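Let me begin by presenting the structure, written as C-alpha cells, before commenting on it.
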Amino acid sequence: MFRALVSRIIDWANFRYMRQALAVADSDVRKLIHDPVELFTRMVQPTLWLVIFGQVLGRTHAIPSGGISYLAFLCPGILGQSVLFGAIFYGISLIWERDLGIVQKFLSSPAPRSALVLGRALSSTVRGLCQMVFVYLLAYLLQIRLRFEALPLLQVALAVMFGAAVFSTFSLIVACLVKSRERFMGIGQVLTMPLFFASNAIYPISLMPKWLQFLSKANPLCYQVDAMRSLMVVGGESTFGVAHDFQMLMIAFAIMLAVATKLYPRIVT
C-alpha cells in the first residue's frame, strides 16, 4: 500500500512538472501563432541554399556525396542549418521578457527552474517542425528523392526537435550570461558560422583537416544532420549510426538543460 501511495505521488509530481513546462511552452507558441512573420522570413535562407547554392555546386561534382546527388546530400544539412539559425537567437526573447518583467513573474511562480527552461525548449521545437515541413515541401518540388514512410518521418521530426531543444537551450545560457540584446546578437552571429561550417551539413567530415574532424565530434549539429541524412533521403547513409546520433543529442540536451537551469535566475540579477 505504501509503495502504491509513493508511486501515485511520483506520478502526480511528474504530471504537475510537465503541466508547468507545457504552460511555458504554450505561452511562447501563442506568440508565434499571432505573429508568424518570423517563420516566413526564415524560409528564405533554405530556399537560397537549395535552389541556388545546391544546384550550382552540384554541377561541379567537387564534393563527394556518398552515392546520392549533392542536392539530396545537402537537403538534410540545410534543414539542420535552418533549425540551428532559428534556435540560436531564441534567447533574445528571454532578454526582452526580462525587460518587460515577464521573467520575474515566472521566477516567482512555484514552478521549478528546470520546468521553465524545458518549456522554452519545447516551444522552440514548434519552430523547428514548421521549418521541417517547409524544407520537405521545397525538396519535393526540387525532385529530391525523400523517404515518406511513417517511421522515418517521425524519427526526422524527433531529430529536429532534439536539435531545436539543444540549440535553443544553449541560446538561453548565452542570454543568461550576457544579459544585453546588443551583446547577445553579436555573440549569436559569432557562434552560428563555426557551428555550421564545423559540421557535415554541406560537406562530409572526411574532407575536413584532422583537427577540425576532432572538434566536429563535439558539435551537436553533426549528429543531428547525420541522423537526418540517413532517415530523410533515399540512399542516404549515417556515418556514426542513427542510435549513436540520438544518444549524443540526448546527452547534449541534458547538459544544456542542467546548465541553463543553474544560470536561469541570473538573467534578472
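A short reminder: the numbers here are calculations on the coordinates, not readings from a lab. Remember, it's a predicted structure, so these values are computed and weren't measured experimentally. Heads up, the Cβs are rebuilt from the backbone with ideal geometry, glycines too, and the neighbour counts pull from every protein chain shown.
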Of Phe196, Gln45, Cys130, farthest towards positive along the dipole that unit charges on Lys, Arg, Asp, Glu beta carbons give the stretch 22-268: Phe196
Projected label distance in nm at Val37 and Leu129, using a 7 Å step from Cα toward the beta-carbon: 2.6 nm
To make sure I understand, if each residue's beta carbon is the centre and we count other beta carbons within 10 Å, what order do Trp211, Trp49, Trp96 fall in, fewest to most? Trp211, Trp96, Trp49
Options Met248, Ile144, Gly80, ranked by Cα towards positive dipole end of the chain, top entry (Cβ charges): Met248
Give the order of Ile202, Ile255 when sorted by the count of other beta carbons within 10 angstrom, beginning with the fewest. Ile255, Ile202
Read through the labelled values (i) 21.3, 77; (ii) 19.5, 71; (iii) 19.4, 62 and report the label of the one computed as Rg and Dmax of the Cα atoms in Å from the structure. (ii)
Magnitude of the Cβ-charge dipole (Lys and Arg +1, Asp and Glu -1) of the chain about the Cα centre, nearest 20 debye, reported as 580 debye
Between Lys217 and Met185, what length comes free when the chain is fully extended (0.36 nm per residue of separation minus the Cα-Cα distance, one decimal in nm)? 8.9 nm
Students often forget the sequence filter, so: which lysines lie under 26 Å Cα-Cα from Lys179 once same-chain residues fewer than 8 apart are removed? Lys31, Lys105, Lys262
Sequence-separation-based contact order of the chain, relative, with Cα cut under 8 Å and 6+ spacing, percent: 27 percent
GNM, the chain, Cα, under 10 Å: largest mean-square fluctuation among Leu212, Leu231, Leu84? Leu212
Treating the beta-carbon of each Lys and Arg as +1 and of each Asp and Glu as -1, no other charges, what is the dipole magnitude of the stretch 76-212 about its Cα centre, to the nearest 20 debye? 180 debye
By how many nm would the segment from Gln45 to His61 lengthen if fully extended, with 0.36 nm per residue of separation less the alpha-carbon distance? 3.5 nm
